[in-house]
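Here's the structure we're looking at; comments come further down.
The values are calculated or read from the model by the stated rules, or taken from the named source; none is laboratory data. Predicted model only: the values in this text are computed from it and were never measured. Neighbour counts are summed over all protein chains in view; Cβ atoms, including those assigned to glycine, are modelled from backbone coordinates with ideal geometry.
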Amino acid sequence: MHIRLTTTNLDLRASLSRNWSTVDSVPGPDKRLDGQTPVSSTLGADYKTGPLTLGGSYLFKNGGLVRISGNQLSYQSVRRDLDLYALWKFTPKLQLRVATNSLLAQDILSQSSYMTPGVGTQTSRTLNPVHRSVRANLEMKF
């Protein structure tokens, strides 16, 4: 579902996705498609006043446990991102954009487990660090 609301100076947008999946050939709970996000949403806004435009967006992706087979499990952490920007138009052909990305700097955790009956469980865990970034671009059209 996508929603967009625009007024003279303000543009709001939102989206929501929900996925239901079940893999019948896999026993037990949490037997959904590997890599499919159960719930995700985005909220965004842009505000324009004169030569200045300010905006941002927030992303949410639910993670969770997935049973890939009777012996294999996968886990993905919840993801949250916040990006903001400011755009100043000096002239129709010259503008400055300052943007920040991943302001929440939430690391992403992935885990995979494989169970061998009578032997034990082997688990691997990966932590992908997310770093904040700021950039400034001077844009010129010729």
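Go through the stretch 88-112 and give me each residue that's assigned to a strand (DSSP E or B) and closer than 30 Å to I68 by Cα. Passing the criteria: I108, L109, S110, Q111, S112.
Among the residues making up the stretch 64-112, those that are basic (K, R) and farther than 17 Å from V39 by Cβ are R67, K89, K93, R97. Can you tell me which of (1) farther than 30 Å from P27 by Cα; (2) at pLDDT below 95; (3) among the hydrophobic types (A, V, I, L, M, F, W, C) is the one L65 doesn't meet? Here L65 clears every test but (1). If you go through the stretch 101-137 and keep only what is hydroxyl-bearing (S, T, Y), surrounded by 10 or more Cβ atoms within 10 Å (Cβ to Cβ) and in contact (Cβ under 8 Å) with a residue 40 or more places away in the chain, you end up with S112, S113, Y114. Would you say L73 is surrounded by 15 or more Cβ atoms within 10 Å (Cβ to Cβ), under 20 Å from the mean Cα position of the chain (by Cα) and of a type outside the set (F, W, Y)? No; evaluated as a whole, the condition is false for this residue. Among the residues of this structure, Y85 does not count as one that is aromatic (F, W, Y) and either outside any strand (DSSP E or B) or over 27 Å from V134 (Cβ atoms) (or both). Here's a check for you: in the stretch 39-72, which residue that is among the aromatic types (F, W, Y) and in contact (Cβ under 8 Å) with a residue 24 or more places away in the chain is farthest from I108 (Cα to Cα)? Checked the stretch 39-72; the qualifying residue farthest from I108 (Cα to Cα) is Y47. Among the conditions (1) within 27 Å of L127 (Cα to Cα); (2) modelled with pLDDT under 90, L5 misses just one, which is (1). Here is the figure for the stretch 8-51: residues that are closer than 21 Å to D83 by Cα and modelled with pLDDT of 90 or more total 21.
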